[in-house]
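Some notes on the structure that comes next.
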Amino acid sequence: MRRSNVFRRISVAWLLLATFGTAAAEATHVEGRTEYRAPRAAEAPVVDGVADDAIWREARWQKLEHTWLGPEYTAEDFQGRYKVVWTPERIYILAEIVDDVLIDTHRDPLLQYWDDDCLEIFIDEDHSGGEHQYNHNAFAYHISLDNQATDMGTDEKPHNYSHHVEGDWKQQGEKLVWEIAIDIYDDSYADDSDDNQPLTLAPGKVMGLMVAYCDNDGSEMRENFVGSESVPYGPKDRGWIDAGLFGTLVLDATETDS
Ligand SMILES: [Ca+2]
Ligand SMILES: [Ca+2]
Ligand SMILES: [Ca+2]
Ligand SMILES: [Ca+2]
């Protein structure tokens, strides 16, 4: 075979690889995802519901502004935004929530937990996208007002994952200031094991992240479900099933403690 033919075949192979490779990459996530670059905290924020930790000033706000369920709402009824920072041990989320009525009707954290006021934090450790309803390809932590975390397990039943999170909030005027630290587990997490180890996080890591709030002010079911990502087609409340809706979280390398 002539040399030029070999090169041509190699370039065709590259072209095919690039074409299909790109198509595969695009297929993992719905178009129009947000990107959030989280600064690295030299000193971890104290999880106490007080946002005076220096590192929070370095992170930008992202809004909860996409209505997934429920009618139009007023600024007094609900507003939400959040920031993210990280350390090698955990990611930290600061959420600022306005909610006129706080409600936790189902005191059992495993019972109809999505119909109480709760902050929902969706994490896909390896940014794979894909289906995660009854597996740990991704987690959808429903953080209740008493800082318990619930998600579906591989047995298709709700499980209490409160040992993955540390949360605390305080009311400041009209707002709840909510700090949550989360251990990051990969998809090898086993519900029946007591030996699951959280990952050590490194700069440049890319993860899937989405944040939402379920607002109930006294109804039988939640009145609004408002999230950080758009849902251009299909059921808007399917984040607990479809990790392809999650935004992109990049753990920035810069270490900041000022
Ligand atoms: Ca704090
Ligand atoms: Ca409300
Ligand atoms: Ca995954
Ligand atoms: Ca409420």
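FYI, it's all coordinate maths here, none of it is from the lab. What you are looking at is a predicted structure, and each value in this text was computed from that prediction instead of being measured.
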Computed over the chain: longest principal axis from alpha-carbon atoms vs helix 3-27 long axis, angle to nearest 10 degrees, is 10 degrees
Determine, for the chain, the count of lysine pairs separated by eight or more sequence positions (or lying on different chains) whose alpha-carbon distance falls under 26 Å.
10
I need the Debye-formula profile for segment 113-181: one equal scatterer per C-alpha, no solvent, reported as log10 I(q)/I(0) at q = 0.18, 0.20, 0.25, 0.28 1/Å, two decimals.
-0.71, -0.83, -1.14, -1.29
Cα point-scatterer Debye curve for the chain, base-10 log of I(q)/I(0) at q = 0.17 Å⁻¹:
-1.37
Just from the alpha-carbon atoms, what are the Rg and Dmax of segment 134-258 in angstroms?
16.0, 46
